Amino acid sequence: MKNVKPTHGVYLIDCHTNKFARSDDPTTWTDYETACKFASEHGGVTLAYALDGKDGLACIDLDHCIDDNGNYSDLAKEVLSKCGKTYIETSVSGKGLHIFGTTEGMDVRTFSKDGDMEFYRNTHFIAMTGEGASYQRFESFDKPEMKELIERKCDKRSEFGGKGAGVEGLSKMSDRDVVEKACAEKKHGATFKALYEGQDLQNNHSNSDMSLMNRLAFWCNGDKEQMLRIFQSSGLYRPEKSPDYYECTVVKAIKDTTGRFQANTTSTYKPKPPVNSSGNGKR
């Protein structure tokens, strides 16, 4: 469930504690009836569903695919023509689509190569609207047409080298340059260095993950793969966390961090405190 606080953004709430819910912590989720009751009593504006990778559900998230005249983008048209009679709704913004289906587990990146599609199946919350939904069932994304589309848009995962090895584990000089430049930056360099070395400055490991990832979004100019490479070499990296966790954190960091590093100019990075690193709660 999410509450809207105009001056501080949108927060997803654990109905049991009234604290932030976490996409990778089932103890912060609840059932549908309890969430509805809590939302009604506390001014919640919508519920969120937690994709946990266990129930076979997945969601294709298409942002900004509906224009002001209600016309769909070419990608949206392609997805809709191939997904079958499955549950589809418009997103909270009214400009995007959530297409739900099932999968036995395609091992692809959460984000597409060109940034116009996201594919979630684990460690992520979808803020539900119910708007525009015509079908109350889920078609399989593993059918040939849909599987080809998803694998074409989202690369299959590959193993990164240098996990937990620090800057010595970064094989590309450009990656090393990012870390060295960020650590040397006068105003926020010490904080970046501490996070990169594994210090939990937020006293909450997931929030510290988000803090470092926000900084990487700036220094890497939103390059998702580079952000993942550098983060997995840091002291904050936890091998027990799923790839989905890190990929979802990357996507959120890029959306939340609008500034980008410009070479040969003064840094414009302004850190944004990570309020809720991992999203929403099981509806």
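The values are calculated or read from the model by the stated rules, or taken from the named source; none is laboratory data. Please read all numbers here as calculations on a predicted model, not as lab measurements. Neighbour counts are summed over all protein chains in view; Cβ atoms, including those assigned to glycine, are modelled from backbone coordinates with ideal geometry.
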When you check THR191 against the structure, is it buried (at least 16 other Cβ atoms within 10 Å of the Cβ), modelled with pLDDT under 95, polar (S, T, N, Q) and part of a helix (DSSP H, G or I), yes or no? no
Given the residues THR90, THR102, THR129, which is the only one that is touching a Gly at 6+ places or on another chain (Cβ under 6 Å), closer than 18 Å to CYS65 by Cα and modelled with pLDDT of 90 or more? THR90
Per-region count, the stretch 112-125, residues crowded, with 20+ Cβ neighbours inside 10 Å, part of a loop (DSSP other than H, G, I, E, B) and among the acidic types (Asp, Glu): 0
Residues being part of a loop (DSSP other than H, G, I, E, B), within 21 Å of THR249 (Cα to Cα) and among the charged types (D, E, K, R) - total across the stretch 126-158: 2
Report those strands (runs of 3 or more DSSP E) wholly inside the stretch 1-111 carrying at least 3 residues which are among the hydrophobic types (A, V, I, L, M, F, W, C) and surrounded by 12 or more Cβ atoms within 10 Å (Cβ to Cβ). 48-52, 57-62, 97-102
Here the residues within the stretch 218-252 that are assigned to a loop (DSSP other than H, G, I, E, B), crowded, with 21+ Cβ neighbours inside 10 Å and free of Cβ contacts under 8 Å to residues at least 60 places away in the same chain are CYS220, LEU236
If I ask for residues that are over 23 Å from LYS85 (Cα atoms) and of a type in the set (S, T, N, Q), which ones from the stretch 111-134 would you list? SER112, THR123
Out of ASP200, ASP223, ASP209, ASP142, sole residue that is at pLDDT below 90 and either more than 17 Å from PHE111 (Cα to Cα) or acidic (Asp, Glu) (or both): ASP223
